[in-house]
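Engineer: Submitted below is the structure of interest, expressed as structure tokens.
The values are calculated or read from the model by the stated rules, or taken from the named source; none is laboratory data. Keep in mind that this is a model prediction, so the values were computed, not measured. Cβ: placed from backbone, ideal geometry, glycine included. Neighbour counts: every protein chain shown. Quick note on the areas: whole protein, heavy atoms, side chains included, nothing else; ligands and nucleic acids left out. Shrake-Rupley method; radii C 1.70, N 1.55, O 1.52, S 1.80 Å.
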Amino acid sequence: MIPADMPGVMALEQELFPEDAWTPRMFESEIAETPARRRYLIAVDGEHEMIGYAGMLFTGGPEADVLTLAVHPDHWGKGVGTTLLQALLDEARHRRCTEVFLEVRQDNPRAQNLYKRHGFTEVGLRRGYYQPAGVDAIVMRKDLD
């Protein structure tokens, strides 16, 4: 992901997460971070249109955190989310991380099922995590060893 991707990223962010979308400033801050700490990817279709994005935080230790993952609804069920998630997990392995964490909305079973299919398990709950809606977040973990 680069600054030129922001219009497409923000359009998809607003479409999928209207109540608690990240702001352009949040994304700009994230992609400006050193590559040693962050990895942001986009997915494009055959016409080079942005159809998804994902980002990961590397702690500098054995942990990594999936910060965001989104796929345009027209491309759900086509493997885009899996491809983005796998690319992040591969990068975490490459950086010798041993576990990956994430938070997922409790009211998003599609995303929960994606993560479960890839070996994530529920390890906790963050009450009211997603604001302003106050939706709980399920904390999930995957062991990379």
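Engineer: Distance from the Cα centre of region 98-132 to that of region 35-57, in angstrom?
Structural biologist: The two parts, judged by their Cα centres, are 20 Å apart.
Engineer: Find, among the GluC sites (Glu not before Pro) in region 45-145, those assigned to loop by DSSP (not H, G, I, E, B) with at most 13 other beta-carbon atoms within 10 angstrom.
Structural biologist: Passing sites in region 45-145 are Glu47, Glu49.
Engineer: Oh, and also: Mind giving me the FRET efficiency for Arg95 and Ala4? R0 is 30 Å, r the Cβ-Cβ distance, nearest 0.05 is fine.
Structural biologist: 0.70
Engineer: Continuing with the same structure: With a 1.4 Å probe and every protein chain left in place, work out the accessible area per residue of the chain in Å², rounded to a whole number.
Structural biologist: On the way: 7860 Å² over 145 residues.
Result: 54 Å² per residue.
Engineer: Here's something else I'd like to know. Take every DSSP beta bridge with both residues inside the chain and express the antiparallel ones as a percent of the total, to the nearest 5.
Structural biologist: On the way: 27 of 31 bridges.
In the chain, DSSP labels about 85 percent of beta bridges as antiparallel.
Engineer: Is the C-alpha gyration tensor of region 8-71 telling us rounded, prolate or oblate? Criteria: a/c under 1.5 is rounded; beyond that, a/b larger than b/c is prolate, otherwise oblate.
Structural biologist: Prolate, because a/c is 1.5 or more and a/b exceeds b/c.
Engineer: Check Gly52: other-chain or 5+ apart residues with amide H under 5 Å from its amide H, H built from backbone geometry?
Structural biologist: Distant-sequence amide H within range of Gly52: Ala43, His72.
Engineer: Test of understanding: in a Gaussian network model of the chain with alpha carbons linked when under 10 Å, which of Gln14, Gln131, Gln106 would top the mean-square fluctuation ranking?
Structural biologist: Gln131
Engineer: Which loop chymotrypsin sites (Phe, Trp or Tyr not before Pro) in region 15-101, with loop taken from DSSP, have no more than 14 other Cβ atoms within 10 angstrom of their Cβ?
Structural biologist: Trp76
Engineer: Could you tally the net charge around Phe58, taking each other residue with its Cβ under 9 Å from the Cβ of Phe58, Lys/Arg +1 and Asp/Glu -1?
Structural biologist: Result for the local shell: +1.
Engineer: Just grab the label-to-label distance for Arg25 and His118, each label 7 Å out from Cα along the Cβ direction, in nm (one decimal).
Structural biologist: The answer from the label model is 3.0 nm.
Engineer: For the chain, what % of the accessible area comes from carbon and sulfur atoms, probe 1.4 Å?
Structural biologist: Carbon and sulfur: 50 percent of the exposed surface of the chain.
Engineer: For Arg38, what residues show an amide H to amide H distance below 5 Å, using hydrogens built from the backbone and excluding near sequence neighbours?
Structural biologist: Phe58
Engineer: Would you calculate a helix-derived [θ] at 222 nm for the chain, using -39,500 (n - 2.57) for each DSSP H run of n ≥ 4 and dividing by the full residue count, to the nearest 500?
Structural biologist: -9000 deg cm²/dmol
Engineer: Shape call for region 65-145 from the C-alpha gyration tensor, a ≥ b ≥ c root eigenvalues: rounded (a/c under 1.5), prolate (a/b greater than b/c) or oblate?
Structural biologist: In terms of gyration-tensor shape, oblate.
Engineer: Quick one: order Thr121, Thr68 from most to least accessible surface, probe 1.4 Å. Could the numbers behind the result be given before it?
Structural biologist: Details: Thr121 80, Thr68 15 Å².
Descending accessible area places them as Thr121, Thr68.
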